[in-house]
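Okay, structure first, notes after.
The values are calculated or read from the model by the stated rules, or taken from the named source; none is laboratory data. Nothing here was measured: the structure is a model prediction, and the numbers come from that model. Cβ placement follows ideal geometry from the backbone for every residue including glycine, while neighbour counts extend to all protein chains displayed. Protein only, heavy atoms only, side chains kept; ligands, DNA and RNA dropped before computing areas. Shrake-Rupley method; radii C 1.70, N 1.55, O 1.52, S 1.80 Å.
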Amino acid sequence: MSTFSRWTTATRALPWLLPSIVGMLLGACSSAPPWPEPGPTASPVYEKEPLAPPAGEAIKQARSLWTPVAWSELPGWSQDDIGQAWPAWVRSCGKPSQAWIQTCQNIRALASADAQTQRDWAMRALQPYRVTTPDGQAQGLLTAYYEPVLQASRRATSDFNVPLYAPPSGLRSGTPWYSRQEMDTLPQAQRALQGRTLMYLRDPIDAMILHIQGSGLLQVTEPDGLVRDVRLAFAGTNEQPYRSIGKWLLDRKLVRDASWPGIKAWIAQNPQRTQELLWSNPRVVFFKEQGLPSGVEPPGPTGAQGVPLSAGRSIAVDRQSIPYGTPVWLVSDGPTTRLQRLVLAQDTGAAIVGAVRADYFVGPGHEAGELAGRLKQNLQLWALWPR
C-alpha cells in the first residue's frame, strides 16, 4: 500500500472528519508557561465567567472591524479540544508577526500541556474580538478546500494526456499571460510551454480541480515503471481572472448541483462540451514539484503564511481582514456540517475576499474532496489577539 493510500485511509478515522461526513447525510521553548496548571481542587477557569470584562478599543482592519467581547460570547468555546489546534498554532509561530513574537514563546512551551491548561492560559493571555464588516455585519460565508490525491504519468500516454506545467519563462507577476483557451490553441503559447511539462493526468476535470485547490499529492508512474509519491505545489498563475465553472453551468441552467460530483456527472453526459466548460475559466495555475518523505504521512501543503496546513485546523482568509497567524474561533452551523473550533489563519485564495469569509482546509483525498465540494454555509468568526 502506498503512503497516500495509508494516509487517505487514516483520514477516514479522523475524529473531526467523521461527524462532518455524517452531517452531510443528515520548536519547544525553555520558557515556563506563565500560568501554573490548576491543582486538583481548582475550578477550571474556562467554565467561569471571563477573568475580566472586554478591554481596549475596537481594532480596525482594512476590510473588517474587530470588537472586543467576553469569552462567554464564543459559542462552544469550552467544548473544543483546543490541543488538537496547538500543532498548527506552533507552526504559525515559526513565522510570527511582531505582535506574536513574545506570546509565541508561551505557545511553544504549552505544546505538551493538557487542553485545560492551554485553555486557561489562552483566556488569560488573549482577548477575543468579534469579526464583522466595517458596518457591523457579523454573518459571512464558509467554504472548504482540500488536497487532491491523483494518479499521474511522467510521460504522455493514450490514458494520461492532460499536461501540468511549471511556470514558463517570460511569466511576470501582475501581467496577464495567455488564457487557458489560448494555451490550448495558439502556437506561440504552446512554444512557450515546451519543456515545461511536469507530468500528465488522465482527467481534465481532475486537472481543473488541482488548479483550483492549488496543490495536490500525486502517485507518478516514472518511465522505468516505478511509482513515486510527490506533491505539486503552487508556483504561480497566468494572471488571468478566476471564473467558476460551476457558476458557468448554473448561469446556463445546465445543472442544479454545481458541486464537483455534479460537474463530473454533467461532463459524463456532455463530453463534447468539455473544452467549452474548461475554457470558461481562463485562469491556469503553474506548479513546482516537491519530494516527500518516504514511509510516513506527508505534511500538509504549505499555505500563504509559509507553514504547512493542518487538516481541520487551518483556514484561508482575506489577509486584509485577518492577518496570517491569527488564531480564530470559527462557528458554522449548516446543512453540511457543524463546526465550533479553534483554527489558524494560514492561507488565502483568489475567491476568499471579505471580512467574515473563510475557506476551511479539510485535508487530503476523496472523502475530503466530497466534503469540500459541498460545504457552503453560514459563518461567524472571532479573532484572538494578545492582550
What residue, among those in region 283-295 that are open to solvent by 20 Å² or more (accessible area, probe 1.4 Å) and in contact with a helix residue (DSSP H, G or I) (Cβ under 9 Å, 6 or more places away or on another chain), is nearest to Ala166 (Cα to Cα)? Arg283
Of everything in region 274-300, what is within 21 Å of the chain's Cα centre (by Cα) and modelled with pLDDT under 95? Give them in sequence order. Gln290, Gly291, Leu292, Glu297, Pro298, Pro299, Gly300
Any idea which residue in region 346-360 is nearest to Ser321 (Cα to Cα), counting only those that are open to solvent by 10 Å² or more (accessible area, probe 1.4 Å) and part of a strand (DSSP E or B)? Arg357
Those residues of region 172-188 that are assigned to a loop (DSSP other than H, G, I, E, B) and surrounded by fewer than 17 Cβ atoms within 10 Å (Cβ to Cβ) come to a total of 6
Kindly indicate the residue of region 296-332 that is of a type in the set (S, T, N, Q) and over 22 Å from Ala355 (Cβ atoms) and also least open to solvent (accessible area, probe 1.4 Å) among those meeting that condition. Ser310
Going residue by residue through region 180-188, is there one that turns out to be within 26 Å of Val149 (Cβ to Cβ) and in contact with a Lys or Arg (Cβ under 8 Å, 6 or more places away or on another chain)? yes
Among the residues in region 370-381, are any surrounded by fewer than 24 Cβ atoms within 10 Å (Cβ to Cβ), assigned to a loop (DSSP other than H, G, I, E, B) and modelled with pLDDT of 95 or more? no
Name every residue in region 78-128 that is surrounded by fewer than 18 Cβ atoms within 10 Å (Cβ to Cβ), under 24 Å from the mean Cα position of the chain (by Cα) and assigned to a loop (DSSP other than H, G, I, E, B), in order of residue number. Gln79, Asp81, Gly94, Lys95, Pro96, Ser97, Ala111
Which numbered condition in (1) farther than 22 Å from Ser173 by Cα; (2) open to solvent by 60 Å² or more (accessible area, probe 1.4 Å); (3) under 24 Å from the mean Cα position of the chain (by Cα) is the only one that Ser259 fails? (2)
Leu217 vs. criteria open to solvent by less than 10 Å² (accessible area, probe 1.4 Å) and in a strand (DSSP E or B): yes
Hey, among the residues in region 229-246 that are charged (D, E, K, R) and farther than 17 Å from Gln213 by Cβ, which one's most open to solvent (accessible area, probe 1.4 Å)? Glu239
